[in-house]
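The values are calculated or read from the model by the stated rules, or taken from the named source; none is laboratory data. Quick caveat: nothing in here was measured; it's all calculated off a predicted structure. Positions of Cβ are generated from backbone atoms using ideal geometry, with glycine treated the same way; all protein chains shown enter the neighbour counts.
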C-alpha cells in the first residue's frame, strides 16, 4: 500500500524483539569468537556474525513492516523447524526451546490479518464471515 | 454478442425441423480435432455387434459389414450382467496396430488444422496434481482401456468415411413439457480420443453430446429463453445461460455458439483451456474430517482457504475454437436428422455405442444412446430435459406473472385466516393459563394441574407455530409482491443469478510459465524418486530424514518457479509448526497442564476481584 502507513500488530513487534535478542547474542558471540576469545573455531564465529546480521535485518524489516522480512522469517523458521522436527523424529536430540520459539514465530506471523498488514495479501480476499452463537438466535 | 430473444422468435406452428434449424448451434472445434458429429447409420453399418456375458466372454452377435439399423434393434434376451455393445474397430493384430499408428501420424501431419498443446499442462498443477497424473496413468495398466492403436484406427476409419461422403449431422428432437418447448441437439461422434490425442482423461469408441435450447410461447410465437450445454464437472442450473446473457453466451444470429473440447467434445460457452477437477471418492467420515481440518486451517490458524478442490489433475480440456466451425454460415453446414421415441434405434437399442472396455469406473467404456444410460436405464436428459438444467422449477416468463399473482392471493388469504385464528388460540391459552395459576397451592388438584399443564404446553406450541407462520408468510409475501412488481414493470432478473459455479478457462496469467518451469514440472517427480533411491543406497539410516528435506526443498524450489513462494513457504511453515506443537504438547504435557490450570485460576481470581470491586 504505497503512501499509506500500515499498523504493526503487537505479535510482529514481539517477533522483531525476539530477533533483536538473537541478533545481539549471535553478533556478540561471533565477534568474540573471531577475536579469538572463545574455544569455537573461526568459521563458527563468521557463521554467528552472518546469522546475527540476518536476524538484525529481519528484525528491522519487521519493525518497518517490509514484506521481504516476513518471507525471510518464514524461510528461517521452515529451516529451523525442519531441523528440530527431524532431530526429534530420527535422532532423539531436539532443542525444545528453539522448537518452541520457531513455532511461536510461525503462528504469530501466519494469521491473515498479519499478512494483510505486511501487504502480502489484499483485504478483498478476506473472508470475514465467522459463525457466532447468540442466545437470541436459539430455538 | 447479446441479442433480444424476441427478435429470434419463430411462429409456434413451425414444424419440428424448421424449429430445429432456426436455433441449431454453431460448433467451433479445436485445431487438430479428428472426430466430428456424424449420422448414426453410417457408423452402425461399419460396426459389428457383440455381447459380453457374465462368465467373462464376448460373443459376436452380428459380424462387421452385416449390421443394419433393423438388426441393431432386434430383441435379444440376455442374462443379468450381460452387456450388448458395438465395435467400430475390430480387434487388431500387432501388424495392424503398428500400421494404424503410423497411418494416424501421417494423417495428423496432413491435417489443415493441427493441434499444439503448448506450454503448461504439467506446470499448471503442483506436485500433488502431477502425482495424481502419474497414478492415473499407472491405473490404466490395471483397468480395462481402449488401446491407443484402436483409437488411431477409429480416427482412420472415420476419416475414410468423411472422404467418401463429407457430412456433419446432428440428431434433433423437439419436446414440449410444462409450457416449455425444448429443441434438443444430439451430437454423435465415432470416437472420443481425449487421452490419446490431447493428453486428457479417457478414450472411448463413440461419443454423445447434447445442447438444449428452451423456448416459450408468446403471442403465437416461440421465443428462445435459455440454452444448456452438457459439460464435465457441472450440473443443473450451472449448465444453462439465458439467451440475453451477452457476457457468457455467444450468438451467431439466432444460433448459440458452442466451443467443443478437443477429443472430449464437452461443450463450453467460451473459447479457452479448461482444467479438469478430479474428485476423489473418499468416504463420508474422511470427508467430514477434511472439512474439520479446513475449518481449523481457515478459522483457527487464520489461513486463506483454497477456492478450488485440493485434488486437481493437470488434465486440460482444450476448447480453443481455432479449428473447424460447423453451423449456419460457417465453413461446414449441418445436415439435420429429426428423432423421437418413435425412431427405432433411439428407443430400441439399449446397448453401448462402441467398445465395452470393461473399465470398472466406466471412463473407457463407450456411452449408451441418447435415450439410455450405459446400464440401459432411461437417461434423465432425454425424459426430463427441463430437470437436466434445473428449469423444471421455473415457469415460462409469460406464465410467471399469473402464477405469482395467484401465489400472492393464496398467501394473503392464509394471512387473513391466521389473523382470525391466532388471537382465538392465544386467548384460549391465556384462559387455561389463568386456571392453572389458580390451582397453585391446592395439593388436592395435583392431577388436574398436571393434565392442564400438558394442555397449556401443547396449546403454547400451537400458538407459537401460528405466529411463526404469519411472520414467515409476511416475508415470503413481501418477496412475491416485490417480484411481481418488478415483472410488471418489465424488469428481469440478473441473467447469471442462477449460476453457482461456472466453467471458466484457465486465465492466461496462470499459464505464463518459463521453459524452466515446464522442464521442472516434467522431471521433478522423477528427480524426487531418484533422490530417494540415492538416499536409500548412500545413507540408508538417514533416508527418511533426507526424503523429508528433499520434499521440502522441491516444494519450495518449485514455488519460486511458479511465483507462489509466499503462499507455499507459509503453508509449509504452518504445517511444521503444527507438528512441532504436537511434539511439544506430548513432551511437556504436564507443564502445559499446570500452566493452563494456573492461568485459569488466575483468570477466575481476577474475575471475582473485579466483581467484588464493582
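Key figures
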| quantity | calculated |
| --- | --- |
| Residue match in the range B:398-410 (condition: over 27 Å from residue B:234 (Cα atoms) and more than 38 Å from the chain's Cα centre (by Cα)) | yes |
| Any hit, the range B:244-262, residues being surrounded by 24 or more Cβ atoms within 10 Å (Cβ to Cβ), touching a helix residue (DSSP H, G or I) at 6+ places or on another chain (Cβ under 9 Å), under 25 Å from residue B:14 (Cα atoms) and modelled with pLDDT of 95 or more | yes |
| Top-ranked residue of the range A:83-102 - restricted to ones that are facing chain B (nearest Cβ under 7 Å) and more than 23 Å from residue B:554 (Cβ to Cβ), ranked as surrounded by the most Cβ atoms within 10 Å (Cβ to Cβ) | A:99 |
| Single residue of the range B:480-499 satisfying the filter (part of a helix (DSSP H, G or I) and exposed (fewer than 12 other Cβ atoms within 10 Å of the Cβ)) that is modelled with the lowest pLDDT | B:488 |
| Residue within the range B:543-552 that is more than 12 Å from chain A (Cβ to nearest Cβ), closer than 29 Å to residue A:112 by Cα, surrounded by 15 or more Cβ atoms within 10 Å (Cβ to Cβ) and within 36 Å of the chain's Cα centre (by Cα) present | no |
| Residue in the range B:585-594 that is closer than 23 Å to residue A:70 by Cβ and either at pLDDT below 90 or touching a helix residue (DSSP H, G or I) at 6+ places or on another chain (Cβ under 7 Å) (or both) present | no |
| The range B:268-308, subset within 19 Å of the chain's Cα centre (by Cα), at pLDDT below 75 and in a loop (DSSP other than H, G, I, E, B), residue surrounded by the most Cβ atoms within 10 Å (Cβ to Cβ) | B:278 |
| Hits in the range B:309-328 - residues which are out of contact with any strand residue (DSSP E or B) (no Cβ under 7 Å at 6 or more places or on another chain) and at pLDDT below 75 | B:310, B:311, B:314 |
| Matching option when the condition is closer than 29 Å to residue B:553 by Cβ and either surrounded by fewer than 18 Cβ atoms within 10 Å (Cβ to Cβ) or at pLDDT below 90 (or both), among A:3, A:54 | A:54 |
| Residue in the range B:567-575 that is out of contact with any helix residue (DSSP H, G or I) (no Cβ under 8 Å at 6 or more places or on another chain), within 30 Å of residue A:113 (Cβ to Cβ) and surrounded by 10 or more Cβ atoms within 10 Å (Cβ to Cβ) present | yes |
| Where residue A:39 falls short, out of the listed (1) surrounded by fewer than 14 Cβ atoms within 10 Å (Cβ to Cβ); (2) in a helix (DSSP H, G or I); (3) away from chain B (no Cβ under 11 Å) | (2) |
| Unique residue being farther than 27 Å from residue B:567 by Cα and either within 14 Å of chain B (Cβ to nearest Cβ) or modelled with pLDDT under 95 (or both) when the list is A:80, A:45, A:119 | A:45 |
